[in-house]
Amino acid sequence: MKDDNFLKENNARQLWHPMGHPGQLQANTPVIVTKAEGSTLEDIDGTRRIDAAGGLWCANLGYSNDVVKEAIAKQLYDLPYYSAFAGTTNPMAIEAAYMVRDFFAEDGIGRVFFTSGGSDSVETCLRLARQYHRIKGAPARTKFLSLKKGYHGTHFGGASVNGNNRFRIGYEPLLAGCFHLPSPYSYRNPFDESDPEKLAQKIAAVMEDEIAFQGAETIAAFIMEPILGAGGVIVPHETFMPLMREICDRHGILMIADEVICGFGRTGAWSGSRLWGVKPDLMSVAKGITSAYFPVGAALISEAVAEVFETAGPDGNIFHGYTYSAHPVGAAAVAACLSETLRLDTKTNAAARGTQMFEGVQALAAKYDIIGDVRGGHGLMTGVELVSDRATKTPLDAETMGRINAAILDSGTMVRMLGNTVAMSPPLVITEAEVNTILASLDTALASV
Ligand code: PMP
């Protein structure tokens with residue numbers, strides 16, 4: 001291993017970071033994380049901080065789960081790789097798929113298609129949705145509907161249904177035939193509707209209108225996150241996803257639940273769809289499927305959709321997949337992570353600690369006018385939107401957000417800044433005392449500005 005000075009100087013000279021400016025990162029070396037234990041990170045200078053970001057909403061089991069580490073190590077020695085492309089498979093892939101299917105049986109899931117991550121999983125769902133309609137004799141159903149503020153990864157399909165133009169503009173033209181509905185964001189929306197239930201109804205009306213305009217017979221699928229994560233932790237009203245499901249059903253449109261963040265307990269339920277009482281047709285998952293110990297994702301297919309493929313003629317052939325689909329080491333990580341997730345019942349801790357965090361942040365909102373909106377209350381996804389003026393809801397400027405982030409880091413916590421929202425999504429194994437430390441860091445940082 002190179003020495004610390006080499007690492008600090010070289011970070012961005014060779015390495016381009018995702019979601020960063022390659023030139024600016026050369027001048028400002030970010031935190032170099034060297035070790036992690038439980039929910040705590042240690043950087044190159046030996047500073048320890050609680051990981052209130054949970055990596056990228058993914059380190060659900062924290063960083064010290066030996067069951068998962070040992071399963072990965074064992075599999076590396078037994079069989080480091082073999083593909084599941086037509087003709088071969090491997091034992092761990094079979095076992096992991098059985099477990100994932102079982103985990104999501106209550107959501108109506110019947111089949112599992114492994115990928116290498118969230119973007120791959122979204123892409124797989126979008127492509128399977130089109131193929132499904134083609135098999136059913138409706139090849140004109142090619143379009144996609146999604147929500148503004150939704151995040152669905154950065155492949156071309158996912159970027160095309162993304163609802164934040166940051167991830168789109170530099171890469172246009174994207175996939176044709178993708179249309180975006182207003183976000184269930186009651187703090188800011190084009191209707192000026194602050195009642196989340198009424199907002200849900202207004203968005204449903206826009207969706208009906210868009211479907212009528214496009215022609216239902218041209219639309220393949222609607223994709224949404226049960227709770228929108230990267231868009232700033234946007235929690236729809238409990239009627240929203242069921243309303244969307246009902247509209248999709250009435251028009252023969254498949255519903256894709258993007259559960260890349262919500263799946264595996266983060267919302268306090270095993271899936272975000274289950275939280276809202278909805279059974280999707282397809283689900284994209286990743287992150288919590290291995291708690292980030294290994295890059296794996298999956299597209300999950302409902303029993304009904306699976307049957308269409310499995311009973312089809314040659315049209316049912318899936319000409320889609322990845323070299324690392326059903327990777328045995330990834331599959332071993334999945335199997336171990338799922339059994340640990342169930343053994344530790346992480347959703348229950350996520351619900352309790354999520355409530356603690358949400359109430360703690362609400363108490364801070366009573367203290368600091370800079371807090372414009374607090375979102376969460378369903379597990380460990382909390383968003384704190386900061387404004388320079390509560391009356392006008394003017395978003396807090398980037399410079400002050402940067403100072404707040406630095407103050408939070410200085411006080412021993414790592415969070416994620418999403419524009420003018422502080423997002424917190426720690427490991428699902430976080431303790432009560434650690435949540436108090438996170439809240440204290442936020443308090444200190446807000447007091448400092
Ligand atoms: N969908 C959602 C809801 C996500 O939050 C993310 C990643 N944050 C993705 C898709 C893309 O996943 P990945 O970064 O693993 O490709």
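Compute the FRET efficiency between Asp397 and Asn165 as 1/(1 + (r/R0)^6), taking r as their Cβ-Cβ distance and R0 = 25 Å, and round to the nearest 0.05.
0.80
By how many nm would the segment from Asp369 to Thr47 grow when fully extended, if each residue of separation counts as 0.36 nm and the alpha-carbon distance is taken off? Mind dumping the intermediate values first?
Numbers: separation 322, 0.36 × 322 = 115.92 nm, distance 3.09 nm.
Length gained, Asp369 through Thr47: 112.8 nm.
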### Task
Take the chain, connect every pair of alpha-carbon atoms lying under 10 Å apart with a spring to form a Gaussian network, then pick out the residue of Leu147, Leu25, Leu409 with the largest mean-square fluctuation.
Leu25
### Summary
Listed residues Cys248, Cys337, Cys125; largest mean-square fluctuation, Gaussian network over the chain with Cα springs below 10 Å, found at Cys248
### Query
What fraction, in whole percent, of alpha-carbon pairs in the chain exceed 43 Å separation?
11 percent
#### Entry: Taking the chain and dividing mean pair separation by its residue count, relative contact order in percent (alpha carbons under 8 Å, at least six apart)
21 percent
### Task
Would you kindly give the portion of the calculated P(r) for the range 1-160 that falls above 20 Å, as a percent of all Cα pairs?
72 percent
### Query
Karplus couplings for the range 310-325 from phi (6.51 cos²θ - 1.76 cosθ + 1.60, θ = phi - 60°), rounded to Hz, Gly and Pro as x?
6, 9, 7, x, x, 4, x, 5, 9, 8, 7, x, 10, 3, 9, 4
## Note on the structure
Expressed in nanometres to one decimal, the distance between label points 7 Å along Cα→Cβ at Gln201 and Ala86 is 5.3 nm
## Note on the structure
By Cβ neighbour count within 10 Å, fewest first, Leu418, Leu282, Leu342, Leu41 rank Leu342, Leu418, Leu41, Leu282
#### Entry: Between the range 139-207 and the range 27-47, the Cα center-to-center distance that results, in Å
35 Å
### Query
Non-local amide H neighbours of Tyr82 (under 5 Å, H modeled in plane, Pro and chain starts lacking H): which ones?
none
## Note on the structure
The set of residues whose placed amide H lies less than 5 Å from the amide H of Val33, leaving out same-chain residues fewer than 5 positions away, is none
### Query
Once the piece of chain linking Val449 and Ala27 is laid out straight, how much longer is it, given 0.36 nm per residue of separation minus the C-alpha distance between them?
149.4 nm
### Pair Glu106, Ala304: separation of 7 Å Cα→Cβ label points (nm)
2.1 nm
## Note on the structure
FRET efficiency for Glu432 and Asp66 from the Cβ-Cβ distance with R0 = 25 Å, rounded to 0.05, comes out at 0.60
### Query
Among residues other than Gly118 whose Cβ falls under 10 Å from its Cβ, what is the net charge (Lys/Arg +1, Asp/Glu -1)?
-3
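For the chain, what does -39500 (n - 2.57) per DSSP helix run (n ≥ 4), summed and divided by total residues, give at 222 nm, in deg cm²/dmol to the nearest 500?
-12500 deg cm²/dmol
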### Task
Arrange His251, His327, His152, His237 by Cβ neighbour counts within 10 Å, fewest through most, would you?
His251, His237, His327, His152
#### Entry: Placed amide H near Gly38: partners under 5 Å, 5+ positions off or other chain
Tyr63, Ser64
### Task
Have a look at Gly23, Gly55, Gly402 and tell me which one the Gaussian network model of the chain (Cα, springs below 10 Å) gives the largest fluctuation.
Gly23
### Query
If you stretched the chain out fully between Glu172 and Ile318, how much longer would it get, using 0.36 nm times the residue separation minus the C-alpha to C-alpha distance?
49.8 nm
### Task
Just need the relative contact order of the range 346-449 here, percent rounded to a whole number, with Cα pairs under 8 Å and 6+ apart.
29 percent
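Report the net charge of residues surrounding Tyr368, where surrounding means a beta-carbon distance below 14 angstrom and charges are Lys +1, Arg +1, Asp -1, Glu -1.
Residues near Tyr368 contribute -3 overall.
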### Query
HN-Hα J couplings of the range 379-394 from phi, Karplus 6.51/-1.76/1.60, θ = phi - 60°, integer Hz, Gly and Pro as x?
x, 8, 9, 10, x, 10, 8, 9, 10, 8, 8, 5, 5, 8, 6, 5
### Task
Let me know the charge dipole size of the range 192-285 about its Cα centre in debye, to the nearest 20, where only the beta-carbon of Lys, Arg (+1) and Asp, Glu (-1) is charged.
360 debye
### Summary
Taking the reciprocal of mean 1/r across every pair of different Cα atoms in the range 192-275, the Kirkwood radius in Å is 13.5 Å
### Query
Around Asp78, what is the net charge, scoring Lys/Arg as +1 and Asp/Glu as -1 over all other residues with Cβ under 14 Å from its Cβ?
-1
### Query
Whole-Hz Karplus ³J(HN,Hα) for the range 339-350, in order, using 6.51 cos²θ - 1.76 cosθ + 1.60 and θ = phi - 60°, x for Gly and Pro?
5, 5, 4, 6, 4, 7, 6, 4, 5, 6, 5, 4
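Readers should treat all values here as calculations from the given coordinates under stated rules, not as data from a laboratory. Computed from a prediction, not measured in an experiment: that's the story for all the values here. Note: ideal-geometry Cβ built from the backbone for every residue, glycine included; neighbour counts use all protein chains shown.
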